[in-house]
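A.B. asks: Pasting in a structure now, in structure tokens, and then I'll have a few things to ask.
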Amino acid sequence: MLTGMTSEPEQQIGVGTPDAFQRLWTPHRMAYIQGENKPSGPDAGDGCPFCVIPSKSDEDGLVVARGERVYAVLNLYPYNGGHLMVVPYRHVADYTDLDGQETVELADFTKRAMVALRAASGAHGFNIGMNQGESAGAGIAAHLHQHVVPRWGGDTNFMPVVGHTKVLPQLLGDTRTMLAGVWPV
């Protein structure tokens, strides 16, 4: 047992009504909430992380695979373990801005992401989609990206409901290495 910890849950006293639940803190999410790694404007030169990532090594950028027109990268702020994004290299905001070859490769990489995630983690299902525009929930609206989120039967347990958090069982670098090793060619 950690020093200063008791075996009995302590009631959380603070803002709001005390409810006898212990809180699970995820301070890494505060960086996202406060806008870390978000561009200062809509152009590629405004600090767009999706434009910067391809210039990094795969390990430093968490890139799982690179194609001619798109790449697959782990989400730095994942909804679930293995949460990938398929991103065009070209800085475009809207799905309708993709040319035909980008659209085909984005679809192909989405399929490959599913194959890799099933091979690496036995995913039972997926949430796949993109948020187009800030009003639709896009965290980085200026650069299109498609989410591929693996799901497992029973993965929605008490943690997101009671603790308002997800437990990720693996470091992102380890997840990247595992997925890159099984990425279909």
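A.B. asks: Tell me which of these residue 112 doesn't satisfy, since it passes every other one: (1) over 16 Å from residue 183 (Cα atoms); (2) open to solvent by 20 Å² or more (accessible area, probe 1.4 Å); (3) among the charged types (D, E, K, R).
C.D. replies: Here residue 112 meets the rest and fails (1).
A.B. asks: Then there is this: Given the conditions (1) open to solvent by 40 Å² or more (accessible area, probe 1.4 Å); (2) at pLDDT below 90; (3) within 15 Å of the chain's Cα centre (by Cα); (4) under 19 Å from residue 50 (Cβ atoms), report the number of the one that residue 131 does not fulfil.
C.D. replies: (2)
A.B. asks: I'm trying to understand the selection: among the residues of the stretch 95-104, which are part of a loop (DSSP other than H, G, I, E, B) and either touching a residue at least 40 places away in the same chain (Cβ under 8 Å) or under 16 Å from the mean Cα position of the chain (by Cα) (or both)?
C.D. replies: Result: 98, single match.
A.B. asks: Kindly indicate which of 63, 70 is at pLDDT 65 or above, open to solvent by less than 70 Å² (accessible area, probe 1.4 Å) and touching a helix residue (DSSP H, G or I) at 6+ places or on another chain (Cβ under 6 Å).
C.D. replies: It is 70.
A.B. asks: For the condition at pLDDT 90 or above, part of a loop (DSSP other than H, G, I, E, B) and of a type in the set (A, V, I, L, M, F, W, C), what is the one hit in 107, 119, 141?
C.D. replies: After ruling out the rest, the residue left standing is 141.
The values are calculated or read from the model by the stated rules, or taken from the named source; none is laboratory data. Only a predicted model underlies this, so the values are computations on that prediction, with no experimental measurement involved. Positions of Cβ are generated from backbone atoms using ideal geometry, with glycine treated the same way; all protein chains shown enter the neighbour counts. Accessible surface areas use protein heavy atoms only, side chains included; no ligands, DNA or RNA. Shrake-Rupley method; radii C 1.70, N 1.55, O 1.52, S 1.80 Å.
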